[in-house]
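Below is one structure, written out as structure tokens; comments come after it.
We did not get these values from a lab; they are worked out from the coordinates using the rules stated. What you see is a predicted model; the values in this text were computed from it and never measured. Note that each Cβ is placed from the backbone with ideal geometry, even for glycine, and that neighbours are counted across all protein chains shown.
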Amino acid sequence: MRYAQGGGLTAERRLLRERIRYEAGERFCRGERTAVIANCLRVSERSVERWRRAWREGGMTALASAGPPKLPKVSDEQFAVLEKELARGPAVYGWEEQRWTLARIRVLIARTFQLDCSSAAVWRLLHRQGWAWQSPARRALERDEEAVGLWKKDVWPQAE
């Protein structure tokens, strides 16, 4: 099942879904038919069948929520350590340019916590902690407007 904006169920929605499964479990005990339960709870018969199978094998505890599908690799405590390391700057870690990129933060996480995560996971981690991407407020002093104009006129049309 896919969810909007790439997310999963919120804690509240997981709790609501768990309550629905428990209600189905109580109806299983009373011997109600799958179609009746599905209709009353406004869920698919397939879901009710899946819940009934779990209920048969593990009882009511099998209907409990398993929690979020994927917990973050970097805990809040580890992120606090990461923030301190990020505040030290990229130069401390051997990068000349003074910008943190997702790839660099990924390397820093691997070095600091021995965790391998994707750039997308790093982005989600930063976003979850309230960080946002930054872009330079002004153009570089070294920028040569004439060279840029020539490149746009001569090279860019050929690249298309």
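Across bins of 10 angstrom width beginning at 0, how are the C-alpha pair distances of the stretch 4-63 distributed, in whole percent?
In order of increasing distance, the bins hold 23, 52, 21, 4 percent.
If you wrap the stretch 33-160's Cα atoms in a convex hull and average its projection over all directions, what's the area in nm²?
With the hull built on Cα positions only, its mean projection is 15.9 nm².
Over the C-alpha atoms of the stretch 76-128, what are the Rg and the largest Cα-to-Cα span, Dmax, in Å?
Expressed in Å, the Cα Rg and Dmax of the stretch 76-128 come to 10.4, 29.
Mind giving me the FRET efficiency for Val36 and Thr61? R0 is 30 Å, r the Cβ-Cβ distance, nearest 0.05 is fine.
Given R0 = 30 Å and the Cβ-Cβ separation, E is 0.80.
With +1 on each Lys and Arg Cβ and -1 on each Asp and Glu Cβ, how big is the dipole of the stretch 4-63 about its Cα centre, in debye rounded to the nearest 20?
80 debye
Multiply the residue gap between Arg104 and Gln134 by 0.36 nm, knock off their C-alpha separation, and tell me the result in nm, one decimal place.
Full extension from Arg104 to Gln134 adds 9.3 nm.
Round to the nearest 0.05 the FRET efficiency obtained for Lys73 and Ala147 when R0 = 45 Å and r is the Cβ-Cβ distance.
About 0.55, to the nearest 0.05.
Any aspartates and glutamates with Cα under 13 Å of the Lys152 Cα? List them, leaving off those in the same chain fewer than 8 positions away.
Correct list for Lys152: Asp144, Glu160.
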